Amino acid sequence: MTNKRIYLSPPHMCGREEDFVREAFQSNWIAPLGPNVDGFEDDLASYLGCAGAAALSSGTAAIHLALQLLGVGPGDHVLVSDLTFAASANPVRYLGAEPIFVDADRATWNLDPMRLEEALEDLSARGVRPKALIVTHLYGVPADMDPILAITRRVGLPVVEDAAEALGTTYRGKHVGTFGRFGVLSFNGNKILSTSGGGALVSDDLGMLERARFLATQARDPAPHYEHSTLGYNYRLSNVLAGIGRGQMTVIEERVMARRANFAAYSEGLGELPGVSMMPSPDYGRANHWLTCLTIDPELAAAAGVTRDAVIDALNDRLNAEARPVWKPMHMQPLYHGTRCYGGDVGEALFRDGLCLPSGSSLEPADRARIIDVIRGLFS
């Protein structure tokens, strides 16, 4: 095979990152803190329109700190979107608490407000009061926050927005990650903004963010020696990696538009095929379309002999292109076997039929056209 690999979502550098990284080397700020960290936090807060951000080693670390700051501990329960990556749920167990999953809405693939209402009513009848809700903005498509927030405010349930896949996504003109008590971002190598590894906690509560920074730097007390009275973590972002992030922030809107162009082209090229349905793009916001996803109905596509897995195999074999199933719902994961889930049928169906296509902001239009041609060829 001579074709270059077409990855699902590779890092995409613009070149300006080198200036900030070079500055870190020249000033010898090769540390978990420094001017790039401060600048990156300011860049994120300014872009999102929130009071502040704490740059961290990962989005998972940000969820962990958010839950700890909300007082989650052993024996507590946290509601979590069911259709998501495991990192959305795992920090709940880091703290000795237990997640309770809420199914997706077919209209958005995100957390279903009606299932959320059902969960809260049932849990209340059982004498269970959840400590928080983690709602994921899946694949960069915004969850329908108005009904979710109306429900959570009525019962006093704090919201953590998992916007790890959704930097640049908006809901009714406002950036996601800024609606709940905390928002979480990821800068993993496959995200729309990549720092190799990294994440951020964002909030309008500057006091909480300062507490998060304290916990993320081993909770060192103010003393001339190393004094620790609180359990802390090594969660701060490197000044070098923050420099990469600052460079990436100069082109974030270009990256969002490139991902959206991928979705538009795939929708035009594939959306009319029998049994193919693109991931919904609700009109209440701007999706960044971090990944372009679709479903292939096994019954409607059966006449052409096409299945989701056949598409994955054809793209790999003919183009050396990477495609994957959508996230496996949390309630189906062996790690969470037996965990309570409200609903589940929607997430299971999306996992059975769902497909993620190569979606990088560096994806060449010619390669995208070849991907479309291969898929269309299977149907013909």
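One residue alone among I100, I134, I148 is under 17 Å from the mean Cα position of the chain (by Cα) and either at pLDDT 95 or above or surrounded by fewer than 20 Cβ atoms within 10 Å (Cβ to Cβ) (or both), and that residue is I134. For R255, the conditions (1) more than 27 Å from Y7 (Cα to Cα); (2) assigned to a helix (DSSP H, G or I); (3) out of contact with any Phe, Trp or Tyr (no Cβ under 7 Å at 6 or more places or on another chain) all hold with the exception of (1).
Would you please name the residue that is nearest to E364 (Cα to Cα), looking only at residues in region 261-275 that are without any contact (Cβ under 8 Å) to a residue 60 or more places away in the chain and under 25 Å from the mean Cα position of the chain (by Cα)? In this case the residue turns out to be A261.
Being assigned to a helix (DSSP H, G or I), assigned by TED's automatic domain parsing to the domain that holds F182 and hydroxyl-bearing (S, T, Y) is a condition met by at least one residue of region 79-92.
The condition (being at pLDDT 95 or above, among the basic types (K, R) and closer than 24 Å to L209 by Cα) is satisfied by just one residue among R172, R126, R153, R115: R153.
Taking region 100-148 as the range and being closer than 15 Å to H331 by Cβ and small (G, A, S) as the test, the residues that pass are A104, A119. Can you find a residue in region 225-234 that is crowded, with 24+ Cβ neighbours inside 10 Å, closer than 27 Å to E17 by Cα and touching a Ser or Thr at 6+ places or on another chain (Cβ under 8 Å)? No, the conditions are met nowhere in region 225-234.
Here's the yes/no breakdown for (1) closer than 29 Å to A323 by Cβ; (2) in contact with a Gly (Cβ under 8 Å, 6 or more places away or on another chain); (3) not polar (S, T, N, Q):
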residue	(1), (2), (3)
A150	no, no, yes
L157	no, no, yes
A163	yes, yes, yes
R172	no, yes, yes
G180	no, no, yes
L185	yes, yes, yes
L193	yes, yes, yes
S196	yes, yes, no
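If the condition is being in a helix (DSSP H, G or I) and closer than 15 Å to A258 by Cα, then region 357-378 contributes P365, A366, D367, R368, A369.
The values are calculated or read from the model by the stated rules, or taken from the named source; none is laboratory data. Bear in mind that the values here come from a model prediction, so they are computed numbers and not experimental data. Cβ: placed from backbone, ideal geometry, glycine included. Neighbour counts: every protein chain shown.
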